[in-house]
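Worksheet: the structure to be examined is printed underneath.
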Amino acid sequence: MARSRQSAKPPALTVPPGPYAVVFSGGGSHGGYGFGRWSYFWDKSPEFRKIRYISGSSTGALLAGGLGAAVTGDPTMWEEIGNVYRKVWDADVIRPSVLPADVPLLEGIAEEALKAAGDSKVPILLALAVLAGKPAIYDTSPLFDIINRYMTSKVWQRIIRAGARTRSIPIEIGFCVVSLNTGVTKVITNRKYPDRKILAKAMLASASAPVIMPPVDIFGDGDAWVDGGVTEYIPIRFAFKSDVIRHLNAVFAISHSPLGISASHEQYKTILPIMTRVLDMLLSGVYVNDVDEANLWNVALKARSMLPGPERKEYDDYVDNLGLNLKHKHSLPIIHLRPKTELPGDSFSFTQPTMSDLIDQGFRESAQEYD
């Protein structure tokens, strides 16, 4: 009698002991999935609380701030950030930068159009923002209020002390941003910028998707900074560039989308779906490049470790000229935690039921892969 075939369970994740780096991708409201993903490990064992490097882009910056607050002295802050994701609605995070009354010539038409649009108000709000000369569709004052409510001056002081260069084993915490003026992408961290006002603005800027949300002047010099996810969907390579890498044993890379663009059966006959699809394709390409570049760092570090002394010095001099510093660093396993298919819902729609489902999904998938 033939045996019934059963699908083999994939091998469980092999995770070395800490310390770790934890890096979060962008994803808007899909950040609830990332929270669930890491919450499984946070609850699983104290070993997973041995974290020495944390960063994120976009919604990942909010997660990075909450996790940074938790590992630097207040473990309850991680659950507090989870409660924000569970309870938040659109109006708690963003509000339209322009109302119909702000454009008197079109007030009546705009009001009727917004009523007829239902949940698809973005194109109309975009048109109003352009006509009113605004920098974005939405105002992020509510989001900054949330950041300041949880990331108090005491929290920032702990985070800054944890990253002090006088510490033998520091904890580096940062937020990925890109300048609209120069095109430079950087992770603004507590080690490089020990200033709570700069760090709070960097956290907001990283969470500010351009056009949707306004740029942020982080340093008071007029430069406009936005979500680093535009150029660095998941800033893994910055973990390898940090000198904290010498203290790490693995990097957790938590993403809110699968690697590569998913097939679509949409007809693409109107502008909005076409524009959304193009953005998805661009961000998917950025994600693939981020992963490839992190893998190249590992290849370079492994190659260096196999060279004898004189050749290693020659190798170091060569890569130094390229702007890379591999000295005192070693290759690290990168543990990718990401969904197999696109997550449900619009990433700019914050609704409590969807957010709770995403948190549950992330937790469940980590448990399935690790246990």
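The values are calculated or read from the model by the stated rules, or taken from the named source; none is laboratory data. Small disclaimer: the values here were computed from a predicted structure and weren't measured. Cβ placement follows ideal geometry from the backbone for every residue including glycine, while neighbour counts extend to all protein chains displayed. Please note that ligands, DNA and RNA were not included when accessible areas were found on the heavy atoms of the full protein model with its side chains. Shrake-Rupley method; radii C 1.70, N 1.55, O 1.52, S 1.80 Å.
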Across segment 233-259, what is the total count of residues that are open to solvent by 10 Å² or more (accessible area, probe 1.4 Å), assigned to a helix (DSSP H, G or I) and touching a strand residue (DSSP E or B) at 6+ places or on another chain (Cβ under 8 Å)? 2
Which residues, taken from segment 65-83, are open to solvent by 30 Å² or more (accessible area, probe 1.4 Å) and closer than 12 Å to Phe35 by Cα? Glu79, Glu80, Asn83
Consider only pairs whose beta carbons are under 6 Å apart and that are at least six residues apart or on different chains; among these, list those whose first residue lies in segment 81-98 and is within 29 Å of Val71 (Cβ to Cβ) and whose second residue is modelled with pLDDT under 85. Val88/Phe350; Trp89/Phe350; Val93/Phe350
Residues of segment 20-47 being among the hydrophobic types (A, V, I, L, M, F, W, C) and open to solvent by 10 Å² or more (accessible area, probe 1.4 Å), in sequence order, are Trp42
Condition test on Leu307, is it surrounded by fewer than 16 Cβ atoms within 10 Å (Cβ to Cβ) and more than 30 Å from Trp38 (Cα to Cα)? yes
Being open to solvent by 40 Å² or more (accessible area, probe 1.4 Å), out of contact with any Asp or Glu (no Cβ under 6 Å at 6 or more places or on another chain), in a helix (DSSP H, G or I) and over 29 Å from Leu63 (Cα atoms) is the filter here, so list the residues in segment 85-122 that pass it. Asp102, Pro104, Leu105, Leu106, Glu107, Gly108, Ile109, Glu111, Glu112, Lys115, Ala116
Can you name every residue in segment 179-199 that is out of contact with any helix residue (DSSP H, G or I) (no Cβ under 6 Å at 6 or more places or on another chain), under 17 Å from Thr59 (Cα atoms) and open to solvent by 10 Å² or more (accessible area, probe 1.4 Å)? Lys186
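Here is a check on your reading of the model: is Leu272 assigned to a helix (DSSP H, G or I) and touching a helix residue (DSSP H, G or I) at 6+ places or on another chain (Cβ under 7 Å)?
Details: assigned to a helix (DSSP H, G or I): yes; touching a helix residue (DSSP H, G or I) at 6+ places or on another chain (Cβ under 7 Å): yes.
Yes; evaluated as a whole, the condition is true for this residue.
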What are the pairs with Cβ atoms under 9 angstrom where one residue, in segment 349-371, is closer than 9 Å to Arg86 by Cα and the other, located anywhere, is modelled with pLDDT of 95 or more and surrounded by fewer than 21 Cβ atoms within 10 Å (Cβ to Cβ)? Sequence gap at least six, or different chains. Ile359/Ser39
Going by the structure shown, is Glu266 open to solvent by 60 Å² or more (accessible area, probe 1.4 Å), part of a helix (DSSP H, G or I) and among the charged types (D, E, K, R)? no
